[in-house]
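Student: First the structure, which I've put down as C-alpha cells, then a few questions once you've had a look.
The values are calculated or read from the model by the stated rules, or taken from the named source; none is laboratory data. Every value quoted in this text rests on a predicted model; they were computed, and no experiment measured them. Backbone-built Cβ (ideal geometry, glycine too); neighbour counts: all protein chains shown.
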Amino acid sequence: MHVKIDEDLPKSVVDLLRAEGYQATSVREQGLQGMKDSALWQVVQQEGCFFVTADKGFGDVRLYPPGTHHGILLLRPDVESIASYTELLRSVISAVRLQDLYQSPSQSSQKKNSS
C-alpha cells in the first residue's frame, strides 16, 4: 500500500510510516509542493495512493466523497508542532492499520451494488 504525505506535514510523519512498514512518499520528495489541491489530488489518485494531510480542504466530503478514492487521513492535532503531528499519527496507526482504511473506488462501488 502506497501512502502519499502532503507537504504540510513534517518529515517525521514520513519517517514514522516507513518505520512501520508503509511505502510512504512525500509531496516534497516528488517535487510536487506548491501545486493546487486539485492538481495534487489528480496525482494522488493516478498513483492509487492513500493520502495523509493536515489540509482541512481535503476533509470536505462534498468534494472528496468516501468511496470515490483510496482514502484520506486528515491529521488535526490540538497544537500544531512536529511532535504533535507525529504523535497523533502514531496513535492512529496503533489503533488501526491504514490498510483497513484503504479502499479502491471500484471496491466501494461493488459493495454498494451488492447490498
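Student: Have a look at Val14, Val52, Val3, Val92 and point out the one that is touching a Cys at 6+ places or on another chain (Cβ under 8 Å), at pLDDT 95 or above and aliphatic (A, V, I, L, M).
Tutor: That would be Val3, the only listed residue that is touching a Cys at 6+ places or on another chain (Cβ under 8 Å), at pLDDT 95 or above and aliphatic (A, V, I, L, M).
Student: Considering only region 1-18, state which residues are touching a helix residue (DSSP H, G or I) at 6+ places or on another chain (Cβ under 7 Å) and either small (Gly, Ala, Ser) or surrounded by fewer than 15 Cβ atoms within 10 Å (Cβ to Cβ) (or both).
Tutor: Result: Ser12, single match.
Student: Looking at region 28-76 only, could you name the residues that are in a loop (DSSP other than H, G, I, E, B) and among the small types (Gly, Ala, Ser)?
Tutor: Correct list: Gly31, Gly34, Gly48, Ala54, Gly67, Gly71.
Student: Looking at (1) in contact (Cβ under 8 Å) with a residue 24 or more places away in the chain; (2) outside any helix (DSSP H, G or I); (3) surrounded by fewer than 19 Cβ atoms within 10 Å (Cβ to Cβ), which one does Val79 not meet, given that it meets all the others?
Tutor: Only one criterion is unmet by Val79, namely (1).
Student: OK, next. For Gln33, are the conditions met, namely being of a type in the set (S, T, N, Q) and farther than 22 Å from Pro105 by Cα?
Tutor: It is true that Gln33 is of a type in the set (S, T, N, Q) and farther than 22 Å from Pro105 by Cα.
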